[in-house]
Amino acid sequence: MRILALETSCDETAAAIVEDGRAVLSSVIYTQIDLHSPFGGVVPEAAARQHAETMNACIEHALSEANLSLSQVDCIAATLGPGLIGSLLIGANTAKTLSLLAEKPFRGVHHLYAHVCSNYLESSLEPPFLCLLVSGGHTQLLHVKSYKETEILGETLDDAVGEAYDKIGRLLELGFPGGPAVDKLSTSGNPKAYPLPISKIKTPYDFSFSGLKTATMRAYEKACANEITEISKVSENQDLNRIKKDICASFQRTVVETLFRKTHACAEALGVKTLAIAGGVSANQGIRQRFKQFAQENPDYTLYIPPMDYCTDNAAMIASSAFFNPITHDVNQEVFSRMPVIN
Ligand code: KG4
Ligand code: ZN
């Protein structure tokens, strides 16, 4: 079954064609980063307008990349939520219209479950497995018991990991989005420069990042006040750059350890030996390395991490989810902006 899927839940306009949930025939992403950069965050109204302007070209691009016509796809799918309501409406209404015009069945998809499904793309992963889902809006530990049954074992009590990264990026004036910039800068910093706390929560598999975010902000302010020399402008900039690198590295090290320890403890308790990571933050080099190192040292574990192109928002994962676990086949189903719960 070839599914043409559309994704417009936030600031990426994406279309893809995937066969039987795994084989990617095409995947096109029109990013809006340049549009939102001057504002330091996604402007919802601007995002929706841009989706409306580029959606048709994006679909044509995906069809031509796969060398297919609309009549050669079997089903049209779209993200129904959660996400920005104006943005969601563009992709969902386009998919519904195409489905009615081309007389192809429609499938609606849950954005978070689709991130999990990014691990099925071009891979042989099958449930059951434990999935760490880390995106801009959500942080969850999911026990994927079968293609259609997923249990949430833990989630963030405050900020999502991506959100925390973006806030630290903003604090350090690293541009938008902050996550990839913090990740990049952290590679040249000292991860032990500023000891930051791993938050302790009573519920073992839940997360909290707001305390870490505040501690990081304080460490940065203190370092700027205490460590920047007043000798010349040049050394001041050098000092500031070094502090920023060390702050990024210290923050990243703490986040990675928190995510890894919780995931590992959860896997051991469940006796699940197949691990997967998903969501935009799974593009993070520190997280990828930590989990890969663990899997290398523990061959009884099998690790799945999506290729970089399928970590952040894309439509191939929407097509995969439409194949394995759509939330609806009903073309009349409305979009929803908030719904953190899967299933
Ligand atoms: O999954 P995603 O594309 O959108 C949501 O569904 O939220 O995730 C976007 C988030 C942003 O917060 C972005 O800063 C973060 O993923 N992100 C990263 C990296 N790449 C993207 N965070 C840390 N390190 C990265 N390399
Ligand atoms: Zn996403």
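The values are calculated or read from the model by the stated rules, or taken from the named source; none is laboratory data. On a predicted model such as this, the values are computed, not experimentally measured, just so you know. Here Cβ is always computed from backbone atoms with ideal geometry, including for glycine, and neighbour counts include all displayed protein chains.
Things to note:
- Filter result for ILE201 (under 31 Å from the mean Cα position of the chain (by Cα) and surrounded by fewer than 19 Cβ atoms within 10 Å (Cβ to Cβ)): yes
- Sole residue being assigned to a strand (DSSP E or B) and not acidic (Asp, Glu), chosen from ALA16, ALA48: ALA16
- Residue in segment 161-169 that is outside any loop (DSSP other than H, G, I, E, B), among the charged types (D, E, K, R), out of contact with any Lys or Arg (no Cβ under 9 Å at 6 or more places or on another chain) and over 15 Å from VAL116 (Cα atoms) present: yes
- Boolean, ALA57 is at pLDDT 95 or above and either within 16 Å of ligand 2 (Cβ to nearest atom) or on the phi > 0 side of the Ramachandran plot (or both): no
- Of all the residues in segment 170-179, those that are buried (at least 20 other Cβ atoms within 10 Å of the Cβ), touching a residue at least 40 places away in the same chain (Cβ under 8 Å) and in a helix (DSSP H, G or I) number 1.
- Scanning segment 93-132 for residues that are within 16 Å of ligand 1 (Cβ to nearest atom), touching a strand residue (DSSP E or B) at 6+ places or on another chain (Cβ under 6 Å) and assigned to a helix (DSSP H, G or I) yields a total of 3.
- Count - residues of segment 129-158 that are under 25 Å from ARG218 (Cβ atoms) and away from ligand 2 (no atom under 16 Å from the Cβ): 2
- The requirement of being under 25 Å from PRO306 (Cβ atoms) and part of a helix (DSSP H, G or I) is satisfied by GLU65.
- Scan of segment 68-85 for residues that are within 16 Å of ligand 1 (Cβ to nearest atom) and either free of Cβ contacts under 8 Å to residues at least 60 places away in the same chain or outside any helix (DSSP H, G or I) (or both), ordered by number: ALA78, THR79, LEU80, GLY81, PRO82, GLY83, LEU84
- With respect to the stated conditions, SER37 is modelled with pLDDT under 95, out of contact with any Asp or Glu (no Cβ under 9 Å at 6 or more places or on another chain), in a helix (DSSP H, G or I) and over 23 Å from GLU334 (Cα atoms).
- Some residue of segment 187-210 being under 21 Å from LEU259 (Cβ atoms), outside any loop (DSSP other than H, G, I, E, B) and modelled with pLDDT under 95: yes
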